[in-house]
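Quick notes on the structure that follows.
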Amino acid sequence: MGTNELNRISGTTKLLCVVGSPIAHSLSPAMHNEAIRLLDLDYVYTAFDVKGKDMEAAIRGLAQLGAVGCNVTMPGKVTAAWMADETTKVVKLSGAANTLVFDEGKIFADSTDGKGFINAVKNKGLDLFGKTITVLGSGGAAGAICAQCALDGVRAINIFRRKNSHFEKAVSFGKRLEEATDCEVYVHDLGDKDALKEWIFKSACLLNATNVGMNPSPNECPIPDQSFLKRKLVVCDLVYDPVETMLLKMAKDVGCETVTGKSVLLYQGAASFERFTGKQMPVEEVKKNVFNSKI
């Protein structure tokens, strides 16, 4: 933090932060502090490395200290959801929260992962309303995204995950979404390559919500080869290290529109920022200044 930034911090400066572990790699402080600077707001945003066993105490401590709010990443999203006094529908459905707002001792929980995904895809020209999508993985981010998509009018979601001890949990989640929304939700074995190819071809968007392709294994890909992709498909990968994963490279070769994990991160951060401050993040300027527009 430079001298000018330090000089603007005073006894009235409001605290925002992100908690989770590991956290040193987080881009959230740079993103939010740039938006704070651009809008000349009296806030500061920092990061705290908090292990799972300490998450509840840390969140309650932030509330007691008078922090305005915090983002929560792994391993604290489930804890953040059950601790909250009030939650959004997407948190109730997904059981996970990444955005907490503190107000007079009360904790309000939201999840902006889904909004980030939807807006990042919309920025590529695709409105997901009434569309079919395919999602690889069913972890915390995938669940929040699927819940938001179902609430926002996506017609059908096909979730592909490994058929292990967590498979039935994903099936139960799908049924819960169907009961609460008008969305059709199907859960498939990721090992069923014929079904995977069929549903990708029926979809408007493919989302990789697994960590396959993340450094230090950037040459891995969650689909077998580019024959599983089609032109006019929007392909999104939540992995953002590297920015251009093997899946996104393959998609570009086929002629698909691609959405990077950093783009989703930016748009979910923008939704959190509005929750915290009541102001809209200047997304294009933050994209230019923090991400060099290369997302």
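The values are calculated or read from the model by the stated rules, or taken from the named source; none is laboratory data. Keep in mind it's a predicted model, so treat the numbers as computed, not measured. Here the Cβ positions follow ideal geometry from the backbone for every residue, glycine too, while neighbour counts run over all protein chains shown. Accessible surface is based on the protein model in full, side chains and every heavy atom, while ligands, DNA and RNA are left aside. Shrake-Rupley method; radii C 1.70, N 1.55, O 1.52, S 1.80 Å.
For the stretch 213-295, which trypsin sites (Lys or Arg not before Pro) are both in a DSSP coil and crowded by at most 14 other Cβ atoms within 10 Å?
The qualifying sites are Arg231, Lys232, Lys279, Lys294.
With each run of n ≥ 4 DSSP H residues scored as -39500 (n - 2.57), what mean residue ellipticity at 222 nm is computed for the chain after dividing by its residue count and rounding to the nearest 500 deg cm²/dmol?
-12500 deg cm²/dmol
Give the aspartates and glutamates reachable from Lys288 as a straight Cα distance under 17 Å; neighbours fewer than 8 places away on the same chain don't count.
In chain and number order, the partners are Glu34.
Please find the FRET efficiency linking Ala180 to Ala30, where r is the Cβ-Cβ separation and R0 is fixed at 41 Å, and quote it to the nearest 0.05.
0.70
Percent antiparallel among DSSP beta bridges with both residues in the chain, to the nearest 5?
Antiparallel bridges: around 20 percent, rounded to the nearest 5.
On a full-extension model of 0.36 nm per residue, what is the gain between Asp127 and Gln280, subtracting their alpha-carbon distance, rounded to one decimal in nm?
Answer, rounded to one decimal: 53.0 nm.
If you take every residue apart from Asp225 with its C-beta less than 12 Å away from the C-beta of Asp225, what net charge results, scoring Lys and Arg +1 and Asp and Glu -1?
+1
If you take the beta carbon distance between Arg60 and Ser21 as r and set R0 to 22 Å, what does 1/(1 + (r/R0)^6) give as a FRET efficiency, to the nearest 0.05?
Step by step, r from the Cβ atoms, then E = 0.80.
For Cys236, what residues show an amide H to amide H distance below 5 Å, using hydrogens built from the backbone and excluding near sequence neighbours?
Leu206, Leu207, Asn208, Val259
Over 24 Å between Cα atoms, which of Lys89/Lys287; Lys131/Lys230; Lys53/Lys89; Lys115/Lys279; Lys122/Lys169; Lys53/Lys175 qualify?
As for pairs spanning more than 24 Å Cα to Cα, those are Lys89/Lys287; Lys53/Lys89; Lys122/Lys169; Lys53/Lys175.
If each residue of separation counts as 0.36 nm, what is the full-extension length gain between Arg8 and Arg231 once their alpha-carbon separation is subtracted?
Extending this stretch completely gives an extra 75.3 nm.
For helix 113-122, what angle does its Cα long axis make with the longest principal axis of the chain, in degrees from 0 to 90 and rounded to 10?
Between the helix axis and the principal axis of the chain, the angle is about 60 degrees.
Points 7 angstrom from Cα along the Cβ direction at Glu168 and Leu39: gap in nanometres?
Result for the modelled spin labels: 4.6 nm.
In the stretch 27-107, carbon and sulfur make up what percent of the accessible area (probe 1.4 Å)?
53 percent
Starting from 0.36 nm per residue, how many nanometres of slack lie between Trp82 and Val254 once their C-alpha separation is accounted for?
Extra length from Trp82 to Val254 when fully extended: 57.6 nm.
So, R0 is 25 Å and r is the distance between the beta-carbons of Phe48 and Asn215; what FRET efficiency does that work out to, to 0.05?
Result of the calculation: an efficiency of 0.60.
Lys/Arg Cβ at +1, Asp/Glu Cβ at -1, dipole of the chain taken about the Cα centre: which of Gly153, Ala271, Val18 is farthest positive-ward?
Most positive-ward Cα: Gly153.
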